[in-house]
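A quick write-up on the structure given underneath.
The values are calculated or read from the model by the stated rules, or taken from the named source; none is laboratory data. All values derive from a computational prediction rather than experimental measurement. Ideal geometry is used to build each Cβ from the backbone, glycine not excepted, and the neighbour counts take in all protein chains shown. The protein model used for the area step is the full one, side chains on, heavy atoms only, and it has no ligands, DNA or RNA in it. Shrake-Rupley method; radii C 1.70, N 1.55, O 1.52, S 1.80 Å.
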Amino acid sequence: MRILPLLTALLVSAFLYFLIIDRETLLALARGESPTDASSTVPVTDAAPAQGQGGDVTAEAPVGVVAIHSQARIINSAVILRGQTEAARQVSVRAETSGLVISDPLRKGAFVEEGELLCRLDPGTRAASLAEARARRAEAQARIPEAEAQLPRAEAQLDTARAQLESARAQLEGSHAQLESNRAQLESSIAQLENAKAQRASAEAQLETAAAQLTTAKARLVEAEINYNAAVKLREDGYASDTRVASAEAAMRAAEGGVTQAHAGVTQAKAGVTQAAAGVTQAGASVTQAKAGITQARVGIAGAEANITQAEASVKSAQAGVKTAQSGILNSQAGVQSAEAGVAAAEKEISRLDIVAPFEGLLETDTAELGALLQPGAVCATVIQLDPIKLVGFVPETEITRVAVGSRAGAHLTTGEELTGRVTFLSRSADPLTRTFRVEIEVPNRALAIRDGQTVELAIASDGAPAHLVPQSALTLDDNGDLGVRIVDSAKHALFQPVTLLRDTAQGVWITGLPDKADVIVIGQEYVVDGVPVRASYQEPGQ
């Protein structure tokens, strides 16, 4: 039971021995040569050995390989996908209102035009509802002129009330001015009264002085008369001279003049007192008049303030009337809009009775049967549009940068039909499960020969790129696991070159990453590493 592992270990050990220790014998066997013909080293004599060095120099023997001269060519790289056909548009036409179907049904497969009737529902009482809504609209429209007529009247009342308010304010200002004037007049009259009273007191003092002077003058006159009578008697008795009599008479005459003068002073003083009393009376009358003017001005102020209060109330009432009139207009307009909305709703409800095709296409199902009761949301029919038709595929993340909207695309149906079109849509969001992006291609389908859901192979054109066509067997891996090929460089050494695989065909694989011209090793690339000398024999590409 353990002999197989032992044999396997022996074979692996032998292979490792030849691969590591006796590699030249293994390479000779691979080239079909006799092991005795392949020596590990060949003596080579340097034609011009370096100064200070001598002796023979040995070099590694070239490894025989088979290569091809490859020339880069521009190829149209296409993104190959598998997908399916889809209808350009598909919709289930549903009822928006309830009612019995009163139209004959259309059968599936029938072609319908845009706007063609699919199902017609029984109108019922909807016509009466529309007539009632129109009557309400007419009634609401009739209220608008009346409401609009009330607004000018209310605005005129407001203007009148404002004019009255301005007049009352002017009257109040006039009454205040009159009050100030009467107060000034009262102050002046009081000053005149005080002056008149002072003048009367002065006149009364003068009268008292004149009366005293009159009394004094009368006393002097009596004394002068006594002296005169005494002088006369003494003269008659011979005791006084005529001169004394004359002197006494002169004194008496002077006393009489003094009395007369004193009487005149008293009369003048009395006149002054009378005049001063008249001034006091006149000043008192002015004070009384000024006080009456102040009272009257205050009454005028109170009346003006009352008029202002009344005018302000009238203005507020008029403003309320204007607002009421405006509200009436707005209410009338709102009533009209509400009635129009009712009419529109009734008309819309009637328009929903006819269920029509939203676009031209084919009926995928029969329309609703005659007499069927449809509720809102119930399906009347399903319509699909197949011209143009969409070809849908899903692009992997690695190829998404090679596809663009507007790119030309070809398609191959399982029936053998070939289609061409352009990319019309490329998704910006990847499918969360497959991490692929939806791509849509639109192609004409005038004969409606292509159906929804057919399998299709898509080829989306991408920008051309220089590439080399090599046999698939020429591909190899380096120690890091990178894909590439080994080429013969200008020094006839093997060199690993990483490449990118573009396309796999029956003739070989198209790769990029090589120079425009390269000698690609197609046989023996697994037996050489970078820097190993090679002896290449060439064959034509495709052999």
Item to check | Selection status of ALA196, open to solvent by less than 40 Å² (accessible area, probe 1.4 Å) and in contact with a Leu (Cβ under 7 Å, 6 or more places away or on another chain) | outcome: no
Item to check | Counted residues, the range 502-543 - those being farther than 10 Å from HIS468 by Cα, of a type outside the set (Asp, Glu) and outside any strand (DSSP E or B) | outcome: 13
Item to check | Of the criteria (1) within 38 Å of the chain's Cα centre (by Cα); (2) crowded, with 18+ Cβ neighbours inside 10 Å; (3) in a loop (DSSP other than H, G, I, E, B), which one VAL423 fails | outcome: (3)
Checklist outcome for this item: Within the range 107-124, residues closer than 30 Å to ALA449 by Cβ, open to solvent by less than 50 Å² (accessible area, probe 1.4 Å) and of a type outside the set (Val, Ile, Thr) come out as ALA110, GLY115, LEU118, CYS119
Checklist entry - Which residue, of ALA50, ALA14, ALA87, is more than 26 Å from LEU475 (Cβ to Cβ), open to solvent by less than 100 Å² (accessible area, probe 1.4 Å) and either assigned to a loop (DSSP other than H, G, I, E, B) or at pLDDT below 60 (or both)? => result ALA50
Checklist entry - Going by the conditions given, is GLY481 at positive phi and surrounded by 15 or more Cβ atoms within 10 Å (Cβ to Cβ)? => result no
Item to check | Condition check for ALA78: modelled with pLDDT of 65 or more, touching a strand residue (DSSP E or B) at 6+ places or on another chain (Cβ under 9 Å), under 30 Å from GLY410 (Cα atoms) and open to solvent by less than 60 Å² (accessible area, probe 1.4 Å) | outcome: yes
Checklist entry - In the range 441-464, is there at least one residue being more than 46 Å from the chain's Cα centre (by Cα), within 30 Å of ALA518 (Cα to Cα), surrounded by fewer than 18 Cβ atoms within 10 Å (Cβ to Cβ) and touching a residue at least 60 places away in the same chain (Cβ under 8 Å)? => result yes
Item to check | The listed residue being part of a helix (DSSP H, G or I), under 28 Å from GLU116 (Cα atoms) and open to solvent by less than 70 Å² (accessible area, probe 1.4 Å), out of ALA339, ALA344, ALA311, ALA325 | outcome: ALA344
Checklist entry - How many of the residues in the range 389-400 are open to solvent by 40 Å² or more (accessible area, probe 1.4 Å), touching a residue at least 40 places away in the same chain (Cβ under 8 Å) and either touching a Pro at 6+ places or on another chain (Cβ under 7 Å) or β-branched (Val, Ile, Thr) (or both)? => result 0
Checklist entry - Is there a residue in the range 232-240 that is open to solvent by less than 60 Å² (accessible area, probe 1.4 Å) and in a helix (DSSP H, G or I)? => result yes
Checklist entry - Given the structure, is GLU225 among the acidic types (Asp, Glu), more than 60 Å from the chain's Cα centre (by Cα) and open to solvent by 90 Å² or more (accessible area, probe 1.4 Å)? => result no
Checklist entry - Just to be sure, is ALA251 open to solvent by less than 30 Å² (accessible area, probe 1.4 Å) and over 30 Å from ALA196 (Cβ atoms)? => result no
Next on the checklist: Could you list, ordered by first residue, the pairs with Cβ atoms under 7 Å in which the first is in the range 467-496 and under 18 Å from SER537 (Cα atoms) and the second is aromatic (Phe, Trp, Tyr) and modelled with pLDDT of 90 or more, at least 6 apart or interchain?
Outcome noted: ARG486/PHE496
Item to check | Members of the range 403-420 found to be open to solvent by 50 Å² or more (accessible area, probe 1.4 Å) and in a strand (DSSP E or B), listed by number | outcome: ARG408, HIS412, GLU418, THR420
Next on the checklist: Which residue is least open to solvent (accessible area, probe 1.4 Å), if the candidates are limited to the range 505-525 and must be closer than 30 Å to ILE80 by Cβ and of a type in the set (D, E, K, R)?
Outcome noted: ASP516
Checklist entry - Hey, does the range 129-151 have a residue that's surrounded by 15 or more Cβ atoms within 10 Å (Cβ to Cβ), touching a residue at least 40 places away in the same chain (Cβ under 8 Å) and over 30 Å from SER332 (Cβ atoms)? => result no
Checklist entry - Out of ARG244, ARG352, which single residue is surrounded by 14 or more Cβ atoms within 10 Å (Cβ to Cβ) and out of contact with any helix residue (DSSP H, G or I) (no Cβ under 9 Å at 6 or more places or on another chain)? => result ARG352
Next on the checklist: One residue is enough: does the range 177-192 have a residue meeting the conditions within 30 Å of GLY265 (Cα to Cα), open to solvent by 70 Å² or more (accessible area, probe 1.4 Å) and either modelled with pLDDT under 85 or in a helix (DSSP H, G or I) (or both)?
Outcome noted: yes
Item to check | Filter result for the condition that a residue is touching a His at 6+ places or on another chain (Cβ under 7 Å) and among the hydroxyl-bearing types (Ser, Thr, Tyr), over TYR527, TYR538 | outcome: TYR538
Next on the checklist: Based on this model, can you work out whether LEU502 counts as touching a Phe, Trp or Tyr at 6+ places or on another chain (Cβ under 6 Å), open to solvent by 30 Å² or more (accessible area, probe 1.4 Å) and touching a residue at least 12 places away in the same chain (Cβ under 8 Å)?
Outcome noted: yes
